[in-house]
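The values are calculated or read from the model by the stated rules, or taken from the named source; none is laboratory data. All values derive from a computational prediction rather than experimental measurement. Cβ coordinates were reconstructed from backbone atoms using ideal geometry, including for glycine residues, and neighbour counts include every protein chain displayed.
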């Protein structure tokens, strides 16, 4: 019995009333049906009732379904429509439950993508055409391979990849319009990991009992639900039902959104007042720090040359990914690049992604010509080795102007000034960075690169790999050297007897190190290690017995703490690197999602914890 496919089991039940065949179908699909019901009702007992109704409908219609029906997609759609019927009959209770659920979500971590898209997922699925919906259900709800998806849809693997990619893009667009911004890879990972929950153990038995009796043993409310769902299904001919279901989903979402927004309004007013006060305090603190400059003119220091690019080949081999990617060509061809740009337009982000994934500097030049005021274009241009010193300075100034609140622009400018011997200007840039956040655009750069690899025909997992490990990090070397140069400047001040200026310079170096070392979304392990290295060098220039901070620590205590952090990060990175070759495609997608949400160290920890349990 277990060797039969869905259609074989369906015929066995329809023609011979085989309860064993029906039980096999229930076991195969109950988790998916229950999960759809649970997402709509947010109530396990109601989800069980909906699930029973769906399988009663299957039992009733088993002999009438067309041969070759994709039962997985049919059950998904039936579950969705049955759940909608349930919502329509008990809309007030559903609203209260959804409102409570949304309030819980608002209190959770905003970076948890699944909690943001879960209330919207089925409305988004309703907007897909039948084949796209079947493809998403088969791929991410049932965990089928692309070849299996293609076979089920009567197409080849490549066609299945394109269909799944298009469907994910439609879902991404749907979520974006409703305030949830993400990538198709992250959405795919979230759906794969969370869309199907285990149904209660006892539910399968009760479903089989009620369904094989064609609903005779069902409760009165269940019979009403079944009749209502069958009525809606009768209306789902052509496009009418799709539009109606989408409208219902949109209506429910609109009510939920209204309730959530009204709840948030009061909280937002309070938060805005707090933020305004914090901005005033930060501006005052920043102004104070900027006023605290070392004595100028500053003494000259010897600045070492620096290689500003990390080679992608070295990056791949250093993370044990060479074996996985050795048969693939990470650089896109001109034809692949043009196809990507034709689909996505020659925007700043698309041109930069095309440049990074192909290595064609003409694409960077085009972005520089068309989008001179875009901060990410200026960021990439700042590392263009073909530019003259005057042109580099021009682009660094453009970066500062287009991203006035990004400390990265000031730090890169300071590095450039130090390299050209303009110590005073470099110090002023270090001072200007005080109080600003540091953004190296790693997340957006990887997301754009991932889209380029997907458009070139790479699988989602391989596109994720390449975007993650091929990304250039030229800023890392420059920031490390800037930190070292600033510590050397402090030593030069000490040598001429200006200890006050030396202390100010050390505080600037320490601030840079902490900015790099602090964990944050999209922060790579190497960035954190560089930040720790800068902090260590800064503290090593101080008296180890002097106090550090306000918690009774000494400088030596902090040095020991940083050394332990560095050791921990390196060990996590080593262990995770050894696990990379064994990771599944789904694991790669989830790893990337963790990286973009919490940073590289957190992603490594997740990976190690998962495989330690296997």
Query raised in the report: Residues in segment 377-410 that are surrounded by 20 or more Cβ atoms within 10 Å (Cβ to Cβ), touching a residue at least 60 places away in the same chain (Cβ under 8 Å) and under 17 Å from residue 472 (Cβ atoms): how many?
Result: 2
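Here are 14, 37: which of them is crowded, with 17+ Cβ neighbours inside 10 Å and over 36 Å from the mean Cα position of the chain (by Cα)?
The match here is 14.
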Query raised in the report: Could you say whether any residue in segment 329-339 is in contact with a helix residue (DSSP H, G or I) (Cβ under 6 Å, 6 or more places away or on another chain) and either part of a helix (DSSP H, G or I) or within 28 Å of residue 297 (Cβ to Cβ) (or both)?
Result: yes
Report task. State which residue is modelled with the lowest pLDDT when the search covers only segment 489-519 and only residues that are closer than 25 Å to residue 474 by Cα and assigned to a loop (DSSP other than H, G, I, E, B). Result -> 519
Query - residue 100 being surrounded by 15 or more Cβ atoms within 10 Å (Cβ to Cβ) and either at pLDDT 90 or above or in a helix (DSSP H, G or I) (or both) - result: no
**Report entry** Subset tally (residues that are part of a loop (DSSP other than H, G, I, E, B) and either more than 21 Å from residue 573 (Cβ to Cβ) or in contact with a helix residue (DSSP H, G or I) (Cβ under 6 Å, 6 or more places away or on another chain) (or both)) for segment 520-550
**Finding:** 11
Report task. State the number of residues belonging to segment 480-512 that are in contact with a helix residue (DSSP H, G or I) (Cβ under 6 Å, 6 or more places away or on another chain) and either assigned by TED's automatic domain parsing to the domain that holds residue 383 or surrounded by 18 or more Cβ atoms within 10 Å (Cβ to Cβ) (or both). Result -> 17
Query raised in the report: Looking at (1) without any contact (Cβ under 8 Å) to a residue 40 or more places away in the chain; (2) surrounded by fewer than 16 Cβ atoms within 10 Å (Cβ to Cβ), can you tell me which one residue 160 breaks?
Result: (2)
